[in-house]
Structure formats: structure tokens, C-alpha cells
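Novice: Dropping the structure in here first, questions after.
The values are calculated or read from the model by the stated rules, or taken from the named source; none is laboratory data. Since the model is a prediction, treat every value here as computed from it, not as a measurement. FYI the Cβ positions are ideal-geometry reconstructions off the backbone, even for glycines, and counts take in every protein chain you see. Remember, those area values only see protein heavy atoms, side chains included, never the ligands or the DNA or RNA. Shrake-Rupley method; radii C 1.70, N 1.55, O 1.52, S 1.80 Å.
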Amino acid sequence: PPSKVGQAPGPPDGGWGWVVLFGAFVSVGFAYAFPKGLAIFFKEIQDFFGTSYSEIAWVSSIMLATTYGADPALLLVSKWQGDSPVVMFGGLLCGIGMVSAAFCTTILQLYICVGFITGFGLALNLQPSVIIIGKYFLKRRPIANGLAMAGSPVMLCTLAPLNQYLFDNFGWRGSFLILGAILLHCCVAGALFRPIGAARASVKTQAAERGKDALEEEVTKDALEMSSATTVPVDTKTEEEEGKDCCEKINQYLDFSLFKHRGFLIYLIGNVLMFLGFFAPIVFLAPYAKHIGIDEYSAAFLLSILAIVDMIARPTTGIIANSKWVRPRIQYFFSFSIAFNGACHLLCPLASGYMGLVVYSIFFGLAFGMVCAMLFETLMDLVGAARFTSAVGLVTIAECCTILLGPPIGGTLIDTFGDYKYMFIKCGAVMVLAGTFLFIMNYYNYRLLAKEEKERKAKEEDPKSVRTENESRNNWNKENAQDGPELEPLREEREGLKKEANGT
């Protein structure tokens, strides 16, 4: 085969990648914005079913946790079926979940239809959309990630007033039917996810299969010739190889060796702590505005303000993160964004009236967009593109626990104290702590990496160290080879075996 056949196609950084980016924009937008946009209906659903704040908060929590927690299982499905069919099936599942939710008669049925079914459909949209960006972009990857993540604020900016309009005209049941139809657009987005280098990959596969067949024929001939003279324990070797192949296959999808990676562990701990207070403020923002006497459309408009600022912040953050000053130390920028997000929540109780909440929404949107734009880029910066898929799966397994508990804990605080400010203070304190932890530990990690790199270069440049290692190895061999009375019987036996071998 030609020499180019063996080379895997690289990211084109353009071309059809821009169409794929648009599809990811739509899929990521629905996956992230839809659970937040449903908060418009929470006050009315709460009154309809007669539930508490903590009980209604489980709807968004289950949906968000399912969206994040289902990623590892989707790694297997995505590698088996490809990105496009997975996203299209996810859009279909979202539509079925929301249409079913329109006929729910209990809050438990709402948990199942909206939380689990729709949440799993959103997970099918999110996972392949995030990964395919890394396949199509390399040099422009931070900008592409920022643009794809901008789908969330665009969708939220649209869904917030749309949901309020649908509720006023059709009620929450009719709104859920219409939203189920809107989510079917994810099927169209999935149809745009064409595999990269499909033609070259098929040629490469055919060449690899021809080479594999030829190699198998040669191995079979050699094995037959050897079996006539000696007996090889084939069964034992086959069992060992099968065991190794099984472990290798599992490790392809979830690389558990990442838990030995220092930077990955720092990122994991910081993000698990961060998500305990990440989603609760945005879920309760509109209900809080209605609670203090603001009308429904003005409360929904707060989410639109947040989304518009978020929309500008995400691509802008991607451009800044891609600059030569920030990208080498992007982890510091990410830590600052998390701490800034927490500071906004801590100051929210000081906001009085509608204009105070508008100012809070502006700063919240800026901080939220900064965190979301770098959420996956910082992980890829730590582990590399080759291990990114496994890293995303492992991170989301750990994150889904705190994502699930965050909004209900906030709702419990509201039910206990009858005031929203304690929920905002809790979320702000947790996020400031997470940002501070990441900043300190990343500083420590960068120093250790620089020290390790310096030692490696010194060892490569100093030939004396290599010579010293060789000399110590030779000395050790000489010491073991020295004459001693305890080794005399063994030496005689060895000499006798040599003579017998020479005689034969």
C-alpha cells in the first residue's frame, strides 16, 4: 500500500469542521440550556403538585446528573455506532421524554420522564458533540470549543422567554408537548456529524486486513514447522493473551491509569467541589425573582440577560485562552474564573430590587461563560487529546454526584430558612473554595513539572550520568561473578552441562 495509507487523517481545522461545529453548537446548546430553561415552570408545577422547593429541584438535578453521569456508558456506544447515530437517537429520546412528561400525574412520574428519559437523551447529544470538536480542530481548538459552548447561552436566551410565552398560552402540559417537538432538532444536528477521513480510513482498513491475513498465514506455517519438532504450550499462552486483550479493551474506553496522573486528580477534586454550587443559582434565579414580587416576564428576562452576556463571554474567553500569554498557564485562568463565579453568588444577597438582580445576572453570566468555555479545554490541556475521551468519562462519573445534590441542598436551605440568600451564600462559598484549591494545587503542579523537566534535560545532556549507570551495572555483574566457595558446586555443574552439550 502507499506510504500515506498508514497515516491517520489529522484534524482539518476548517472545511466540513465548521458544519460539524454548527451541529455541536445546537446539540451542546440544548444539552446545557434545556435543564436551566425548565426553571420557568418550577413555581407553577410546585403549586400544581403541592411540593416543596427541594422536591421540585430534583427535576433539574436528576436531569443534569443523568446528562453528566451517562457519559462513560456512551463512550462504548459512540465508538461502536459512531457519533451521528448516537446524537440522532438522543434527539428522538428527548422528544419522547418531554411528550410523556405532559401526561404525568405525580411528581415521581415527572422525575422519570423529564429527569431520566430526557436527561439520557441530552447525554446522548452532549458526549459526541464535545469529543468531535477535538477530532476536527487542533490549532483552533480553544476557539472552536468556545463557539460550541456558546450554544448554551444562545439556547437559554431563546428558551427563557419562549417558555414563559408557551406557559401563558398553553399551560405547562401544552408547553412540554411543544418543547418535545423542538428537541427533535437534535436529530438534524446529529446528521451533520460526518466521520473524519472516512474514505482514507476504509482504504487503511482494507490494507491492514490484507497485511493481517498475510501475517497469519506466515505465523501458521511457522507454527506447523515448529510443532513437528517441539511441543509448545499454546493453550496457556492463548489464555494469557485473551486476559491481556480484555484489559486492553476496557482500558481503551476508560483509562484508569489517569488516577495516577497528578494534574488529572487536581482537576477532578476541584471540579467535584465546584459543581456542588454551580447549577443551583441558575435554577433558582427565576423563582427567586418571582418570590420577591417581580412579574413573570421580567423574571424570565433575567435568564435572557445572563444568557446574552454568557454568549459573548464564551467565545471571548476562548480567544483569550488561546493567546500565547494565557494558554501555557491556562489552569490559573480557569481557577480565577471559578473563584469569580463564587464571589458573584456571595454578593447576590446584597442586590435589592429588580435592577440589583440585573447587575447580578450580568456578572453571573460573565463568570458562568468563562468557566464553561474552559471546562473541557483545561482537561485536554492536562491529559492530551489521546486520553481526553477517557478523562471526560471518568470526570463525569465523579461530578454527577455533586450535580445531583447541589440544587436539592439549595432547595432544602430555602425550605428551612424561608430565604434564598442562604442558598446563594452556600454556593458562593463552595465555588470560592474550589477556585482557591485549584489555584494553589496547580501552582504546586506547575513547579513540580518544571523541576521534573529540568532533571530530565540535565540527565540527557550529561553523558557522565549515563556512563556512571553503565559502570555501576558492570560492577554489580562483576561482584556477582566473583569466585566464592559457596558457588563452586554450581560452577562445576554448569561446566559439566557445557561439556555434555558440546559432545552432543
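Novice: Lysine pairs in region 252-459 with Cα distance under 27 Å, only those 8 or more apart or on different chains: how many are there?
Specialist: 10
Novice: Of all accessible surface on region 11-196 at a 1.4 Å probe, what whole percent is carbon and sulfur?
Specialist: 73 percent
Novice: While we're here: Going by the alpha-carbon gyration tensor, a ≥ b ≥ c the square roots of its eigenvalues, is region 11-196 rounded (a/c under 1.5) or, if a/c is not under 1.5, prolate (a/b greater than b/c) versus oblate?
Specialist: prolate
Novice: Which whole-number percent of Cα pairs in region 252-459 have a distance greater than 22 Å?
Specialist: 53 percent
Novice: Leaving out ligands, DNA and RNA but keeping every protein chain, what accessible area does D295 have, in Å² rounded to the nearest 10, with a 1.4 Å probe?
Specialist: 80 Å²
Novice: Under the 0.36 nm per residue contour assumption, what length would be gained going from the current alpha-carbon distance of A386 and D419 to full extension?
Specialist: 7.2 nm
Novice: Relative to a virtual label point 7 Å from the Cα of F103 in the Cα→beta-carbon direction, which members of region 173-190 show backbone nitrogen distances below 16 Å?
Specialist: Only 173-178, 180-181 fall inside the zone, counting backbone N under 16 Å.
Novice: Full-extension gain between S257 and R194, please, as 0.36 nm times their residue separation minus the C-alpha to C-alpha distance.
Specialist: Length difference between fully extended and current span is 19.6 nm.
Novice: Another question about this same structure. Just the accessible area per residue of region 317-403, please: how many Å² with a 1.4 Å probe?
Specialist: With the other protein chains kept in place, region 317-403 gives 36 Å² per residue.
Novice: Which percent of the accessible area of region 252-459 is formed by carbon and sulfur heavy atoms (probe 1.4 angstrom)?
Specialist: 71 percent
Novice: For F340, F259, give the ranking by accessible area with the largest first, probe 1.4 Å.
Specialist: If we order F340, F259 from most to least accessible, we get F259, F340.
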